[in-house]
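The structure follows.
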Amino acid sequence: MSIVTVQLGQCGNQIGFEVFDTLFSDSHSSQGLCSKRENEAYQASCKERFFSEEENGVPIARAVLVDMEPKVINQTLSKAAQSGRWKYGQHAYFCQKQGSGNNWAYGYSVHGPRHEESIMNLIQKEVEKCDSLSGFFIIMSMAGGTGSGIGAFVTQNLQDRYAHSLKMNQIIWPYGTGEVIVQNYNSILTLSHLYRSSDALLVHENDAVHKICAKLMNIKQISFSDINQVLAHQLGSVFQPVYAAEGSFHYRRNPLEGFKDPALYTSWLEPVDAFNVWKTQRAFSKYEKSASLVSNSQFLVKPLDMIVGKAWNMFASKAYLHQYTKFGIEEEDFLDSFTLLEQVVASYYNL
C-alpha cells in the first residue's frame, strides 16, 4: 500500500526532505533485533510505501513538490540528488504575484484555482505509479501564507477526486510568540477548511519541538534544520511498517495495561475500540527501542482556543481584513470558520 506525499511551501518541502531522508536511512540501517528475512520484508514494505524506482536503480520518492518560487524546491531537489541514495521526481513551482503579501487568501482563491490542473496532473502521475494507493500525506504550514492556502485548496481537491483514499495532513502549529502578523487568521482558515476535507490531522507544535531540541538534545543554537529533523524522526516512527500486536508484549509487567483504563476515554467509546497497539521487531533508526503514541485527545484544546480567541480579537477590530477581502475571502468566511472551530473546542471540552 503506497502513500503519495504532497509537499507544500517552504515548510512542507523542507520537512518533506527530512522525512524521506529519515525513512531511507532507517530502511537501510542495521536490522537490529529482527532476522534477516524480517529485515528484508521491512525494507520492501518501506520501499513500496514511500519510493518507486528508476531504471538506474535510484529510489524515487513518491512525492509532489509545490511552491510559489523555485528557491526552496531547487535546494530540496539538489540535497536529495547529492545524497546519491534517493531523489525526487515530480515538482512544480509558480511565480508569485508581487504584492500578494504571502497571503492565505491569495493561495486559496487565486494561486490554487489558477494552477489546479498542473498540480493535480502531477499528483495523478504519481498515483498511477502505485500498484495500490493507500492515501495521501500532505505536509504544510498552518500559519504561513500562500502555502497554507494552497494546502487547504489541494486537500479539498484530493477529497473531491479521491474520496475513498485517506487524506492525512501534517500541520505545523505556530510558535505562541508569533511568526507572521496574521498567523492566527491563517490558522483558523486552514483548520476550518481541513476539518471539512481531511480525514486526519497530525499536529506538531513548534514550541514543543523547540523544547525537545533545547532540553533533551542540548542544542544551544537551534536551527530550523534541527527542528525539522526531530519532526522527521517523529513522523518516520509513526509511519514505520508494523503489524497488529494487541497483548503480545513480553515484559514482566505490561506497560500498556494503563491504557485500558476506561477513565481515559469518553463514556460512549470502549477502550478496546479507542486504543490499538502495533509493533515490529525491527528497530527504528538504529534505536534498540522506540515507541510512538498517536492520540485524539484534549491536548490541543487550549492552544486551539487561544488561536481562535486571538483571531477573533483581530477580527473584531477588522485588523488586516483587507488583505483577505481583496482576494475573495469575505467576513462571512471568517465567521463560518470561527463558528466551526468554536464547536470543535466545545465538543472536546465535553469529552
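The values are calculated or read from the model by the stated rules, or taken from the named source; none is laboratory data. Since we're looking at a predicted model, the values are computed, not measured. Note: ideal-geometry Cβ built from the backbone for every residue, glycine included; neighbour counts use all protein chains shown. Areas reflect the complete protein model, heavy atoms only, side chains present, ligands, DNA and RNA absent. Shrake-Rupley method; radii C 1.70, N 1.55, O 1.52, S 1.80 Å.
Does the range 99-120 hold any residues that are closer than 15 Å to GLN323 by Cα, open to solvent by 20 Å² or more (accessible area, probe 1.4 Å) and of a type in the set (S, T, N, Q), and which are they?
ASN102, SER109
Here are LEU189, LEU201: which of them is at pLDDT 90 or above, closer than 19 Å to CYS11 by Cα and open to solvent by 20 Å² or more (accessible area, probe 1.4 Å)? Reasoning before the result, please.
Numbers: LEU189 fails: open to solvent by 20 Å² or more (accessible area, probe 1.4 Å).
When all the criteria are applied, what remains is LEU201.
Let me ask another. Scan the range 268-304 residue by residue and report those that are at pLDDT below 75 and more than 19 Å from GLN234 (Cα to Cα).
Within the range 268-304, just PRO271 meets the criteria.
For the range 49-80, how many residues meet the condition of being out of contact with any His (no Cβ under 6 Å at 6 or more places or on another chain) and not in a helix (DSSP H, G or I)? Step through it out loud before you land on a result.
Of the range 49-80, the ones out of contact with any His (no Cβ under 6 Å at 6 or more places or on another chain) are 49-64, 66-72, 74-80.
If we keep only those that are not in a helix (DSSP H, G or I) too, we end up with 51-64, 66-69.
Going through the range 49-80 one residue at a time, the tally reaches 18.
Considering only residues that are assigned to a strand (DSSP E or B) and open to solvent by 20 Å² or more (accessible area, probe 1.4 Å), which ones fall in the range 4-41?
Filtering the range 4-41 down to residues assigned to a strand (DSSP E or B) leaves 4-8, 32.
GLY32 - this is the single residue of the range 4-41 that is assigned to a strand (DSSP E or B) and open to solvent by 20 Å² or more (accessible area, probe 1.4 Å).
Conditions first: (1) hydroxyl-bearing (Ser, Thr, Tyr); (2) open to solvent by 30 Å² or more (accessible area, probe 1.4 Å); (3) touching a residue at least 40 places away in the same chain (Cβ under 8 Å); (4) closer than 13 Å to SER192 by Cα. SER290 passes all but one, so which condition is the exception?
(4)
List pairs: first in the range 196-223 and within 18 Å of ILE172 (Cβ to Cβ), second among the aromatic types (Phe, Trp, Tyr), Cβ under 6 Å, 6+ apart or cross-chain?
VAL203/TRP173; GLU205/TRP173; ASN206/TYR175; ASP207/TYR175
Give me the residue from the range 152-179 that is at pLDDT below 90 and open to solvent by 60 Å² or more (accessible area, probe 1.4 Å) and, out of that set, farthest from PHE299 (Cα to Cα).
Applying the filter and picking the extreme gives GLU179.
Additional query: Mind listing whichever residues of the range 305-351 are among the acidic types (Asp, Glu) and either closer than 20 Å to ILE181 by Cα or open to solvent by less than 70 Å² (accessible area, probe 1.4 Å) (or both)? Spell out how you get there, then give the answer.
The initial filter retains those residues of the range 305-351 that are among the acidic types (Asp, Glu), namely 305, 330-333, 336, 342.
The answer is ASP305, GLU330, GLU331, ASP333.
Search the range 160-179 for residues that are on the phi < 0 side of the Ramachandran plot and pair each with any residue that is among the small types (Gly, Ala, Ser) and open to solvent by 40 Å² or more (accessible area, probe 1.4 Å) when their beta-carbon atoms are under 7 Å apart and the residues are at least 6 apart or on different chains.
Sorted first by the residue in the range 160-179, then by its partner, the pairs are LEU166/SER134.
Are any of the residues in the range 121-143 over 20 Å from SER2 (Cα atoms), open to solvent by 40 Å² or more (accessible area, probe 1.4 Å) and of a type in the set (Ser, Thr, Tyr)?
Checked against the condition, which is being over 20 Å from SER2 (Cα atoms), open to solvent by 40 Å² or more (accessible area, probe 1.4 Å) and of a type in the set (Ser, Thr, Tyr), the range 121-143 yields no hits at all.
Tally up the residues in the range 42-57 that are surrounded by 15 or more Cβ atoms within 10 Å (Cβ to Cβ) and farther than 16 Å from SER132 by Cα, please. Explain how you work it out, then say what you get.
Let us first name the residues in the range 42-57 that are surrounded by 15 or more Cβ atoms within 10 Å (Cβ to Cβ), namely 42-43, 45-52.
Filter once more, keeping what is farther than 16 Å from SER132 by Cα: 42-43.
Residues that pass the stated criteria total 2.
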